[in-house]
Amino acid sequence: MVSAMLRVGMLVACLFSALAWGASIENDGAPLTRALEWLLSPISGATDHDPSSGTYLHGRLMVLAWGFLVPVGILLSRFYKVTPGQDWPRVLNNPFWFNSHRAFAYGAGVLMLAAVVVIVLEDPRPPWRSFHAGIGWCVVIAGWLQLLSSHLRGAMGGPTQPGTPVPLRNWQWSQVPRAADGSGPRIDWPGDHYNMLRTRVVFEVLHKVCGYGLLAVSALTLVTGLLAADALNWMWVALLLWWLVCAAVFIVLQHQGQAIDCYQAIWGIDEALPGNRMKPIGWWGIRRYSSANVAAAPYPRRARGG
Ligand code: HEM
Ligand code: HEM
């Protein structure tokens, strides 16, 4: 993680230098002053910049919701199903990723609601008045549907009561009667997730496809919002740099093998488990382990050569 942050820092430094250099070519005078002047001027090149307080608040809340909370929430969900220091797969079902993903997503939902109320009160014309207003309404509605549909993911199930919607903690496994021969987890425990029933499969496919789709459309919405408000140049530059940081973190964590399959993070690597007998759902590089290769998993952190 530290090396990831260092790499990201170098990237940001390079981009800022390139920016300052570019600004100095176009204008005579001190490069840094010119770069700063450019950063502090509106996108259109106009000399004055005076958006209403409602637009300011709308923009800030949306940037916080869709620019920060949603991308970080997705990174947490993809890469922190097992956390550094967790003795996985002996210790299962770490709730960190789920709680943080859910909190960030609902936080974004609340901020988005406030942001939309602010702008509707200020500018109550129909949504088809501009590209940004139209696409903005699509993101707001689809975002709330994504939040609501997350409640249709079915029951966890597994080793305890049938149909329990509450994630089970690892300690509960020890209280569960084993199969007749005493080995391995039983495959007849109930639950949509434990058995990867259709409800859960449909949820995972739709939630992931719509989640990444929304992320892409929200990026376009943020950019068109900045254009509609004729925002200052530093705002889109900062947003772009932040997205590059997120992309870099994604690539580094992916490369480190931290995208551990949700099913295995929660239920373990036993090949007899129902979900381990089907392909993991998700795109590009979800990691699965078996007893043969679990030593290669990134967690628990193992001493070099050990
Ligand atoms: C704006 C709202 C949300 C967005 C955009 C979103 C997006 C995503 C994305 C893109 C993933 C897949 C990450 C990956 O593994 O590559 C994911 C996973 C997941 N999300 Fe959300 N999410 C949202 C809200 C929620 C909420 C409110 C819940 C539950 C209360 C939730 C539950 C889950 C679960 C259980 C997974 C793991 C699925 C799996 O890996 O098998 N999400 N989310
Ligand atoms: C994903 C992020 C965003 C979403 C979902 C969004 C959503 C919306 C919606 C739904 C409207 C129309 C409200 C109405 O019908 O009255 C709107 C208008 C507006 N938004 Fe955003 N917005 C986002 C980001 C931004 C940003 C970053 C700014 C920059 C300050 C911004 C500036 C504006 C402005 C100036 C208007 C009114 C002008 C127009 O009609 O185009 N928005 N936005």
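Okay, here's what the table says:
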item: Exposure proxy ranking, count of Cβ atoms within 10 Å, fewest first, for Lys279, Lys81, Lys208; result: Lys279, Lys208, Lys81
item: Computed FRET value (nearest 0.05) for Leu121 with Leu215, which takes r as the C-beta separation and R₀ as 25 Å; result: 0.35
item: Residues Glu271, Glu122 arranged by fewest to most Cβ contacts within 10 Å; result: Glu271, Glu122
item: Sorted by Cβ density within 10 Å, fewest first, the residues Ser218, Ser53, Ser77; result: Ser53, Ser77, Ser218
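Values quoted throughout were computed directly from the atomic coordinates according to the rules given, and no laboratory measurement underlies them. Just so we're clear, the structure is a prediction, and the values are computed from it rather than from any experiment. Glycine gets a Cβ as well: all are built from the backbone with ideal geometry, and neighbour counts include every protein chain shown.
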